[in-house]
Amino acid sequence: MLSLASRVLVAAVLAVPSPDGLSQSLAPDQGQATGPAVLEAGHADIGPRYRDGAWTIRIHDDEQVPAVWRDPDEAVIRVRDAALQQVPDDPAYAFLGETAGASVHVLPQTQQEGVVWLGWNTQDPGLLEHAGRGVTMHLRGVQGPGRLTVFLQSGTLGAPQVLWSTDNAYPQALWVERNTHTHANWVFGRPGVYLVALDVTAELADGGTATAPATLRFAVGDAASADQARAGSLDIAPSAAPAVPADDRDLPVWPLGAAGIVLVAALIGVGARGAVVRRRAERARS
């Protein structure tokens, strides 16, 4: 397993026009839904939103017609057993911390029928109007029965790139350019309820910053309770870490073609979607 406990991973993602589903724009009049919801199939994105003078983190539910934004405290992301995959017998995936051949639940980087396609975007029209160059998403903590790992991979031969892992120290920072839409692989080591604490620090066009916290709620496995996930609490203070410094954003570009993003066939066996990923090597922090 990768020994990264004392490091914070910094990565950057840049969206490009693509016919494969990653290219999108959000209408300014999309509504804010209220009431409990369970998202268990179709497309959904985590994203910061600026509305009525307030910054929040919301989930953009594209399965709803018309699409709506949802409060993470009301929306449970259900990961059905249809998402079960086996861990490849390949040392390149040792970072998952699971035995080769073990069954894990995977929300894949590529869209899979019957499984939530979960990503993130920085495309809210209010954000585009008021934000500067981008935002920093901090993973502040995870409560759950097993490991959670979020990673990207370029093609079947590209090395996996870990974005967030419960094996690493918190907070873990992910720099995201404005007007970005991307997806990654979310791997849950055990079934059950997971609560994931995030905050997003937005650079503002006027030079200031604004931070919004949220808790994502996952019910992993058919037997997991969506009600329990919705009722759960995770008491973690918002991150004191600042936005990623400008010097850390001058990163090499790693282009991914429309057929170049795939979690190996042994793990999900589905097609690929396009994106451009810019990633910096791990930056040690004590």
- Query: Considering region 112-163 alone, what residues qualify as being in contact with a helix residue (DSSP H, G or I) (Cβ under 6 Å, 6 or more places away or on another chain) and within 18 Å of Asp61 (Cβ to Cβ)?
  - Reply: Gly114, Val115
- Query: With region 100-181 as the region, which strands (runs of 3 or more DSSP E) entirely inside it contain at least 1 residues that are in contact with a Gly (Cβ under 8 Å, 6 or more places away or on another chain) and in contact (Cβ under 8 Å) with a residue 12 or more places away in the chain?
  - Reply: 103-107, 116-121, 131-143, 148-152, 172-177
- Query: Restricting attention to region 89-137, which residues are of a type in the set (Val, Ile, Thr) and closer than 20 Å to Ala214 by Cβ?
  - Reply: Val116, Thr122, Val135, Thr136
- Query: How many residues does region 59-68 contain that are within 16 Å of the chain's Cα centre (by Cα) and over 15 Å from Val196 (Cβ atoms)?
  - Reply: 3
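Kindly indicate whether any position in region 209-218 is of a type in the set (D, E, K, R), part of a strand (DSSP E or B) and buried (at least 24 other Cβ atoms within 10 Å of the Cβ).
Yes, there is a match, as at least one residue in region 209-218 is of a type in the set (D, E, K, R), part of a strand (DSSP E or B) and buried (at least 24 other Cβ atoms within 10 Å of the Cβ).
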- Task: For residues that are assigned to a strand (DSSP E or B) and either among the β-branched types (Val, Ile, Thr) or more than 24 Å from Val79 (Cα to Cα) (or both), tally how many sit in region 192-208.
- Result: 7
- Query: Looking at region 14-31, is at least one residue modelled with pLDDT of 90 or more, hydrophobic (A, V, I, L, M, F, W, C), surrounded by 15 or more Cβ atoms within 10 Å (Cβ to Cβ) and not in a loop (DSSP other than H, G, I, E, B)?
  - Reply: no
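The values are calculated or read from the model by the stated rules, or taken from the named source; none is laboratory data. Computed from a predicted structure; not experimentally measured. Please note: Cβ atoms are built from the backbone with ideal geometry, for glycine as well, and neighbour counts cover all protein chains shown.
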